[in-house]
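Heads up: the structure comes next, in structure tokens.
The values are calculated or read from the model by the stated rules, or taken from the named source; none is laboratory data. Just so it is clear, the structure is predicted and the values come from calculations on it, not from any experiment. Note: ideal-geometry Cβ built from the backbone for every residue, glycine included; neighbour counts use all protein chains shown.
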Amino acid sequence: MKTLLSRRRLLVAAGAPLLAPFAARPALAQSAWPTRPVRMIINLPPGSSPDVLGRALAQPLQEGLGQSIVIETRTGVGGAIGAEAAAKATDGHTILMTAGSVISVNPFVNPLPFDPNRDLVPVAAVARVALFLVMRADLPPKNLKEFVAYLKANPGRLSYGSPGNGSSPHVVGEMFKAQAGVFSVHIPYRGSAPALQDLLGGQIDYAFDPGIAFPHVRSGKLRMLAVPLMQRSSQFPDVPTLHESGFPGFDGGTTHSVYMPAGTPADVVARVNREVNRALTLPAVRTAITGIGAEPTPMTPQQLAQVMAEDAKRYSAIIRERKIKPD
């Protein structure tokens, strides 16, 4: 671990320079790769779900690949800066641990300086990450049906918060409003934590929470009404999905995944995919995943590409319909 941290500090101190020109990329073979430490770029801040998942994967990947995993945090522009750095890496030993929204939501909100579908190749799905519909516990509704009726009876009087315009919670919030036929005011914040604080303080009424509100739900300060996934959460098995509660097909999840630069040899992609899927069977990794309210999602690269395409189609439609713009 000390070696990993020291390598990480060196990379950060040096401005994370690329390791070496990747002139030999086509010649890499499964038996030869990796020949040096593998850089894992995590494109959202420490404590975020991609950060939790990336760090949980690092040790199993290191053991399986036989090389150190050097974690490098590259944040900014909703994850686009880190994703672009990975897409443009030419060293042959860079992987990206990214939130699914960077691929399936962000490109439709704000044009990116690269094309994730052209410049990145899907490698392995890690977890399907949910957003949890939570509201102030002091509001009258006791369940989702009553909440929707309360919203309809009070158009424009309730508000919901998100980490910012164009964020996944914002987009899913608009999907919910569209399908429920309700109107509430969107309040953008600079991050999920400030939105949660105002929800607890009563300045806003509800939110689609990425998992940081769990302690307050368990303490009774907030009430969880629904999960916008097709299946119930293992963390809250008694909480219904929107899909089963009168919103058929409602899926507000994203798949956090591992990507590599386009042109990475197929055998390298296959090897990383196998190692990630192996890691997903380990109790410590599964605990890290379910601890943030997510579910492990072992897939082939082809299955991941299909899931991301379906997510992008769904989210791009609501973004266009609601004319969602970035901050």
Taking segment 295-311 and keeping only residues that are outside any helix (DSSP H, G or I) and either of a type outside the set (Asp, Glu) or touching a Pro at 6+ places or on another chain (Cβ under 8 Å) (or both), one is left with PRO296, THR297, PRO298, MET299, THR300
- Assess whether ASN165 counts as being touching a strand residue (DSSP E or B) at 6+ places or on another chain (Cβ under 6 Å) and either within 24 Å of GLY47 (Cα to Cα) or free of Cβ contacts under 8 Å to residues at least 24 places away in the same chain (or both). yes
The condition of being surrounded by fewer than 23 Cβ atoms within 10 Å (Cβ to Cβ) and either touching an Asp or Glu at 6+ places or on another chain (Cβ under 9 Å) or at negative phi (or both) holds, among ALA125, ALA180, ALA130, only for ALA180
Quick count over segment 258-278, residues being among the β-branched types (Val, Ile, Thr) and within 21 Å of the chain's Cα centre (by Cα), is 4
When GLY92 is run through (1) over 28 Å from MET230 (Cβ atoms); (2) assigned to a helix (DSSP H, G or I); (3) in contact (Cβ under 8 Å) with a residue 40 or more places away in the chain; (4) in contact with a Ser or Thr (Cβ under 8 Å, 6 or more places away or on another chain), the failure sits at (2)
Among LEU120, LEU44, the single one that is closer than 19 Å to HIS256 by Cα, modelled with pLDDT of 95 or more and crowded, with 20+ Cβ neighbours inside 10 Å is LEU120
Looking across segment 129-145 at residues that are touching a helix residue (DSSP H, G or I) at 6+ places or on another chain (Cβ under 9 Å) and modelled with pLDDT under 95, the single one that is farthest from GLN303 (Cα to Cα) is LEU131
Scanning segment 165-197 residue by residue, those modelled with pLDDT of 95 or more, polar (S, T, N, Q) and farther than 16 Å from LEU229 by Cα turn out to be SER184, GLN197
Note: among ARG157, ARG190, just one is surrounded by fewer than 19 Cβ atoms within 10 Å (Cβ to Cβ), within 18 Å of the chain's Cα centre (by Cα) and assigned to a loop (DSSP other than H, G, I, E, B), namely ARG190
Per the filter on segment 288-321, residues under 15 Å from the mean Cα position of the chain (by Cα), more than 26 Å from PRO237 (Cα to Cα) and of a type in the set (Asp, Glu) are none
Over segment 70-86, the set of residues surrounded by 24 or more Cβ atoms within 10 Å (Cβ to Cβ) and of a type in the set (A, V, I, L, M) is VAL70, ALA83, ALA86
Residue pairs qualifying under the 8 Å Cβ cut-off, at least six apart or on distinct chains, with the first in segment 292-306 being in the same structural domain as THR281 (by TED's automatic domain parsing) and the second being surrounded by fewer than 20 Cβ atoms within 10 Å (Cβ to Cβ) and among the basic types (Lys, Arg), are PRO296/ARG286
Per the list (1) out of contact with any strand residue (DSSP E or B) (no Cβ under 7 Å at 6 or more places or on another chain); (2) part of a loop (DSSP other than H, G, I, E, B); (3) within 24 Å of ASP327 (Cβ to Cβ), residue check on PRO46 breaks on (1)
Considering residues that are under 24 Å from PRO37 (Cα atoms) and in contact (Cβ under 8 Å) with a residue 12 or more places away in the chain, the number found within segment 242-273 is 17
Do we have THR254 as closer than 15 Å to VAL129 by Cα and β-branched (Val, Ile, Thr) here? yes
Practice problem: Return yes or no: is ASP238 outside the structural domain of ASP119 (by TED's automatic domain parsing), among the acidic types (Asp, Glu) and in contact with a Gly (Cβ under 8 Å, 6 or more places away or on another chain)? | Solution: no
Can you find a residue that is in a strand (DSSP E or B) and among the aromatic types (Phe, Trp, Tyr) anywhere in segment 121-134?
yes
Exactly one of THR281, THR255 is within 17 Å of the chain's Cα centre (by Cα) and of a type outside the set (Phe, Trp, Tyr), and that residue is THR255
By residue number, the members of segment 132-142 that are within 27 Å of the chain's Cα centre (by Cα) and closer than 10 Å to LEU225 by Cα are PHE132, LEU133, VAL134, MET135
